[in-house]
Each structure stands twice: as structure tokens, then as C-alpha cells.
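A short reminder: the numbers here are calculations on the coordinates, not readings from a lab. The model shown is predicted, which means the values in this text are computed figures rather than measured ones. Don't worry about glycine lacking a Cβ; one is built from the backbone with ideal geometry, like all the others, and counts go over all protein chains shown.
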Amino acid sequence: MAAGKTELAIKRCSECEKFNIGIQIYNSFSWASPDKVIGFDKETNEITINEKQLMNIVRMVNPYQADRKIRLK
């Protein structure tokens, strides 16, 4: 390296990718996030979520997951 020059190397690691996915999922479920996937129905006093959006979150953890119907219990 020549004097006065700085080299920057950014490494991608699976742990960083997992952390970033975790942050995205956390933000998706955060009430304060503009990207949240949850809502609240005041009439029924229920938390709501779109099934397709929830399936997308499942795919963030397991990209090979096939489309499935989701049942809450």
C-alpha cells in the first residue's frame, strides 16, 4: 500500500446476514416502524397481520420455504 492511501475491505459473513435479517424481522413487528406488518383492530381488540406478509417473513429465515397457508393457534 502506498503512503497516504487507505484500503477498505468489507467482508460478508453469514453471521452478519443473519443479524441483518433479524433486524428486518424485528422492525417488521415493531409498532413504531413504518415497514410494520402488524396492525391493531380496535373494534375486536385483535392484532392483525397479512398472511402473505407473514409468509414473506418466514421466507426471510428459510428462503426455500414453499408457499403455505398459515394458521394461528
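So here's what we get for this one:
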| quantity | calculated |
| --- | --- |
| 10 Å-binned pair-distance histogram of the chain (Cα, whole percent) | 15, 34, 25, 11, 9, 4, 1 |
| Given the chain, longest segment not containing exposed loop GluC sites (Glu not before Pro) (DSSP; at most 10 other Cβ within 10 Å) | 8-42 |
| For the chain, calculated [θ]222 nm from helices alone, where every DSSP H run of n ≥ 4 adds -39500 (n - 2.57) | -11500 deg cm²/dmol |
| Under DSSP loop assignment and at most 12 Cβ neighbours within 10 Å, longest chymotrypsin sites (Phe, Trp or Tyr not before Pro)-free interval of the chain | 32-63 |
| Förster radius 25 Å - calculated FRET efficiency between residue 40 and residue 13, Cβ distance, rounded to 0.05 | 0.10 |
| Helix 14-28 vs. the chain, principal-axis angle (Cα, 0 to 90°, nearest 10) | 40 |
| Length added when fully stretched, residue 73-residue 52, from 0.36 nm per residue minus Cα-Cα | 5.8 nm |
